[in-house]
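In what follows, a single structure is set out as structure tokens and then discussed.
The values are calculated or read from the model by the stated rules, or taken from the named source; none is laboratory data. Keep in mind the model is a prediction, meaning the values are calculated, not measured. Quick reminder, even Gly has a Cβ in these numbers, built from the backbone with ideal geometry, and neighbours come from all protein chains shown.
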Amino acid sequence: MTYSLIKTFTFDEFIARYGDDSRYELIDGQLRDMEPTGPHEAVAGKIAGKIWAEIFRSNLTWFIPQNCLIKPPAAEATALRPDVIVLDENELKNEPLWQREPIITNSKTSKLVFEVISTNWQDDYARKVEEYALLSIPEYWIVDYRGLGGTAFIGKPKQPTFTVCKLNGDEYEQKLYRLGEDIFSPLISTLSLRLDDVLPR
């Protein structure tokens with residue numbers, strides 16, 4: 001029997017090689033292919049557009065960068081790349097890497113992140129729930145428009161779901177939404193959003 005060694009990366013090696021490539025992120029030294037597809041990007045883009053319109057309408061100092069990584073402070077070889085991240089521009093002065101690279105390390109800078117589920121859904125439903133909570137990000141949305149996640153996360157029968165994770169202390173409280181339901185965001189309470197509105201056509 002033969003075994004093939006899996007190449008591992010340090011944070012700096014990952015940044016040098018894949019920092020500008022939005023297809024990849026790093027978890028515990030392991031390269032993760034985020035498997036973006038056209039429908040995946042359509043869903044992410046529609047939700048980002050709705051968030052941006054509300055940011056603009058409410059005159060908030062938040063913005064959505066085109067490309068951004070999160071470096072959890074307790075993880076040496078992890079660089080998370082959410083599908084969409086909302087940043088508070090006023091907090092960027094406290095980001096030590098921002099002037100050289102679009103990398104966030106401080107908890108107060110990120111207001112909201114969301115992930116659109118692909119076949120590697122385990123990372124989004126488990127590992128990232130913990131990582132984003134440790135970073136004190138107020139809200140984390142999990143958009144499972146194909147119903148791929150395990151039944152422990154999305155219930156039975158498996159169907160498209162939208163999970164809003166609201167930070168309460170150091171853990172997330174999770175609220176699951178289905179098609180036809182109005183999604184409520186405690187962070188952006190005036191946002192009008194349904195999963196139906198962001199599905200790919």
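Reported count of residues in segment 60-97, each being within 19 Å of residue 115 (Cα to Cα) and polar (S, T, N, Q), is 3.
Considered as a group, the residues in segment 154-201 that are among the β-branched types (Val, Ile, Thr) and buried (at least 18 other Cβ atoms within 10 Å of the Cβ) include one that is farthest from residue 142 (Cα to Cα), and that residue is 188.
The condition of being under 21 Å from residue 11 (Cα atoms) and either modelled with pLDDT of 95 or more or in contact with a Phe, Trp or Tyr (Cβ under 7 Å, 6 or more places away or on another chain) (or both) holds for only one of 164, 113, 143, that being 113. For segment 91-121, the set of residues classified as more than 26 Å from residue 36 (Cβ to Cβ) and either in contact with a helix residue (DSSP H, G or I) (Cβ under 8 Å, 6 or more places away or on another chain) or part of a loop (DSSP other than H, G, I, E, B) (or both) consists of 96, 99, 106, 107, 108, listed by residue number. Hey, among the residues in segment 19-69 that are more than 15 Å from residue 124 (Cβ to Cβ) and of a type in the set (Lys, Arg), which one's surrounded by the fewest Cβ atoms within 10 Å (Cβ to Cβ)? That would be 57.
Residue count for segment 144-178 satisfying the condition of being hydrophobic (A, V, I, L, M, F, W, C) and over 20 Å from residue 37 (Cβ atoms): 6. Kindly indicate whether residue 110 is touching a residue at least 24 places away in the same chain (Cβ under 8 Å), farther than 16 Å from residue 163 by Cα and not acidic (Asp, Glu). Yes, satisfied. Scanning segment 52-105 for residues that are free of Cβ contacts under 8 Å to residues at least 40 places away in the same chain and of a type in the set (Phe, Trp, Tyr), we see that the one that is farthest from residue 18 (Cα to Cα) is 56. Number of residues in segment 171-191 that are without any contact (Cβ under 8 Å) to a residue 12 or more places away in the chain and hydroxyl-bearing (Ser, Thr, Tyr): the value is 1. Total residues in segment 98-110 satisfying the condition of being at pLDDT below 95 and either in contact with a Gly (Cβ under 6 Å, 6 or more places away or on another chain) or within 19 Å of residue 185 (Cα to Cα) (or both): the figure is 1. Considering only residues in segment 108-147 that are surrounded by fewer than 17 Cβ atoms within 10 Å (Cβ to Cβ) and among the hydroxyl-bearing types (Ser, Thr, Tyr), the one that is nearest to residue 183 (Cα to Cα) turns out to be 136.
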